[in-house]
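Some notes on the structure that comes next.
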């Protein structure tokens, strides 16, 4: 499991290897400079959209910042183990969701699959980045904002979209929700 401070240390290491300042990384990624500083210090657990932007700006895969172990194929994630595989540390992030990687230990992956748990009172923050996403609603109701459009997903519903369009997800109805999300970003 990777803690927020580990993610921040890795981001700082790659940024310094590229001889980039925090300002340079913020400008290239489109992420606020104060947020980049907070992430690097381990004060903030980055949302997936933010981590995606930072990884692209640093020329790395998303998984580079999320795991530090290797497992031989196939990578099997047992339902009972999901709680121990949080991407950015313990608990919900500042937007009200927890991401559980379904591919920890596979460094050569081309997709990043997650199980994402949304709090009942989460925030719908829009982001955009390269790549494509597939969302499969597991429980509760999830609102997908895609550009100016809003769609409600119920258990069993799916959405597949281009990530360059601003998008965001949140639970509806004052109840928690969960999805599987698969992110593909070209190298």
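No value in this document is a laboratory result; all are computed from the given coordinates. In this text, all values refer to a predicted model and were calculated from it rather than measured experimentally. Cβ atoms come from the backbone with ideal geometry, glycine included; neighbour counts cover every protein chain shown.
Name the most mobile residue of 113, 46, 74, meaning the one with the largest mean-square fluctuation, in a Gaussian network model of the chain with Cα contacts below 10 Å.
74
Going by how many other beta carbons lie within 10 Å of each one, how would you line up 152, 44, fewest first?
Neighbour counts put them in this order, fewest first: 152, 44.
At 0.36 nm per residue, minus the direct Cα-Cα distance, what do residue 16 and residue 182 gain on full extension? Give it in nm, one decimal, please.
Difference between extended and current length: 56.8 nm.
So, in nm, how far is label residue 158 from label residue 130 when the simple model puts each one 7 Å beyond its Cα toward the Cβ?
The modelled label-to-label distance comes out at 2.5 nm.
Starting from the Cα of residue 175, move 7 Å in the Cα-to-Cβ direction to define the label point; list residues of the range 115-141 whose amide nitrogen is under 17 Å from there.
Under 17 Å, as judged by backbone N against the label point of residue 175, lie 117-122, 137-141 of the range 115-141.
Kirkwood Rh over alpha-carbon pairs of the range 79-184, then Stokes-Einstein at 4 °C and 1.567 mPa s: what D in µm² s⁻¹, rounded to an integer?
Translational diffusion coefficient: 93 µm²/s.
Going by alpha carbons, how many degrees (0 to 90, nearest 10) lie between the helix axis of 4-17 and the longest principal axis of the chain?
Compared with the principal axis, the helix lies near 40 degrees.
Taking the chain as a Gaussian network, where each spring joins two C-alpha atoms under 10 Å apart, which residue of 122, 174, 96 fluctuates the most?
With Cα springs under 10 Å in the chain, the top fluctuation among 122, 174, 96 is at 174.
Using every Cα-Cα pair within the chain, state what percent have a distance larger than 26 Å.
Considering the chain, 27 percent of its Cα-Cα pairs are separated by more than 26 Å.
Of 100, 110, 129, which has the largest mean-square fluctuation in a 10 Å C-alpha GNM of the chain?
So, out of 100, 110, 129, the one fluctuating most is 110.
In degrees, nearest 10, range 0 to 90: what is the angle between the Cα axis of helix 48-57 and the longest Cα principal axis of the chain?
In the chain, helix 48-57 runs at an angle near 30 degrees to the longest axis.
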